[in-house]
1. Relative contact order for segment 195-234 using alpha-carbon pairs under 8 Å, separation at least 6, rounded to a whole percent?
2. Starting from the amide H of Asp143, placed 1.01 Å from N in the peptide plane, find each other amide H under 5 Å away whose residue is 5 or more places distant or on another chain.
3. Pull up all non-local amide H partners of Glu214: gap of 5 or more, or a different chain, and H-to-H distance under 5 Å with H placed in the peptide plane.
4. Find which of Tyr15, Val129, Leu74 sits farthest along the positive direction of the dipole of the chain, computed with +1 on the beta-carbon of Lys and Arg, -1 on that of Asp and Glu, about the Cα centre.
5. Spelling out what I want: for every residue of segment 39-45, take phi, set θ = phi - 60°, compute 6.51 cos²θ - 1.76 cosθ + 1.60 (Karplus), and round to whole Hz; glycine and proline get x.
6. Counting only C-alpha contacts under 8 Å and six or more residues apart, can you give the relative contact order of the chain as a whole percent?
7. Quick one: among Thr85, Thr33, Thr202, which has the greatest mean-square fluctuation in a GNM of the chain with alpha-carbon springs under 10 angstrom?
8. Hey, in the GNM for the chain with a 10 angstrom Cα cutoff, which one of Tyr191, Tyr141, Tyr156 fluctuates hardest?
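Computed from the coordinates by the stated procedures, all read-outs in this text should not be read as laboratory data. Remember, it's a predicted structure, so these values are computed and weren't measured experimentally. Every residue, glycine among them, receives a Cβ derived from its backbone with ideal geometry; neighbour counts consider all protein chains shown.
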Amino acid sequence: MDGTADQDGSTQERYDVVVVGGGVAGLSAATFTGRNDLTTLVLDAGDSILRRNAHLENFPGFPAGVNPRRLLGLLGEQADTAGCTRRTAHVTDAERDDDGFTVRTNGDAYAADYVVAATKGETGYLDAVDGVSLVERGKTYVDVDERGRTGVPGLYAAGRLAGKPHQAVVCAGHGAEVGATILEDDDRPFYHDWVTPDGYFTDRGRDLPPGCEELDAAERERREAHSRETMRERFADPHPDAQETHPSLRDD
Ligand SMILES: Cc1cc2nc3c(=O)[nH]c(=O)nc-3n(C[C@H](O)[C@H](O)[C@H](O)COP(=O)(O)OP(=O)(O)OC[C@H]3O[C@@H](n4cnc5c(N)ncnc54)[C@H](O)[C@@H]3O)c2cc1C
């Protein structure tokens, strides 16, 4: 992140990527761009629809299911580990000019080269971006190509907003695909985001591909111990947040 002078002389934070929406799709996209050294900001209103799920039983890797709010917390932590910045904020509008995008919230503005829209059903903040094509199919979706690109250079849509099927793993996977697409479109040296055993490439006479890491046994064991400790701690107690439901069913 660095600073860019705004028209009124104030300084905007500048990021390579601003992700609007920190549900499963947005957090997954951010994890990929952040891990590969694109400065990445996630702006999230804090209202992922996954919070309404009662027990998530079809997300791979959790044979007995997982509390959906716990999963969102873990995805957020993973984005943090990848070096992303996360803020709770409602994005009000975005615009594009020759320098890239300006993304505004109530009170702040951010500059970005790439924007990922991952806001499920909300598109109003894109109204001022020329060239965004919306699709009405009962709900409103953003029209994208097979890799999540909209018609606007640098603007991508991910997850349910991009018309993907309404399952968390599908939307998370699409977010990851959009993140990898940005890395490819940015032309940065990037090879699959793989972590491999010591010598996997180099003992075969290959250079270590950009973005890859080889771990020796001690480092592999250290990371496994850290991951076991982390998961033991995160799952030690029931998640503290209350079950959420459809707004029309709330008592308040
Ligand atoms: C009751 C219920 C049960 C479900 N059960 C399952 C299930 O068992 N299994 C399953 O796979 N899926 C389930 N789902 C579906 C799953 O939750 C969604 O498919 C998935 O969350 C979509 O991911 P997403 O990232 O596209 O959207 P979301 O997870 O909804 O994330 C969108 C994010 O964008 C943010 N946002 C919106 N507008 C703005 C803005 N202007 N500025 C900033 N942030 C903004 C929101 O706050 C939200 O955090 C269920 C859904 C519901 C409602």
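1. Details: 23 pairs, mean separation 15.9, N = 40.
Relative contact order comes out at 40 percent.
2. Distant-sequence amide H within range of Asp143: Ser133, Leu134, Val135.
3. Under 5 Å from the amide H of Glu214: Thr196.
4. Of the listed residues, the answer is Leu74.
5. 5, 9, 10, 10, 10, 9, 7
6. Values: 483 pairs, mean separation 49.5, N = 252.
Reported relative contact order: 20 percent.
7. Maximum among the listed residues: Thr202.
8. Checking each option, the largest mean-square fluctuation is seen for Tyr191.
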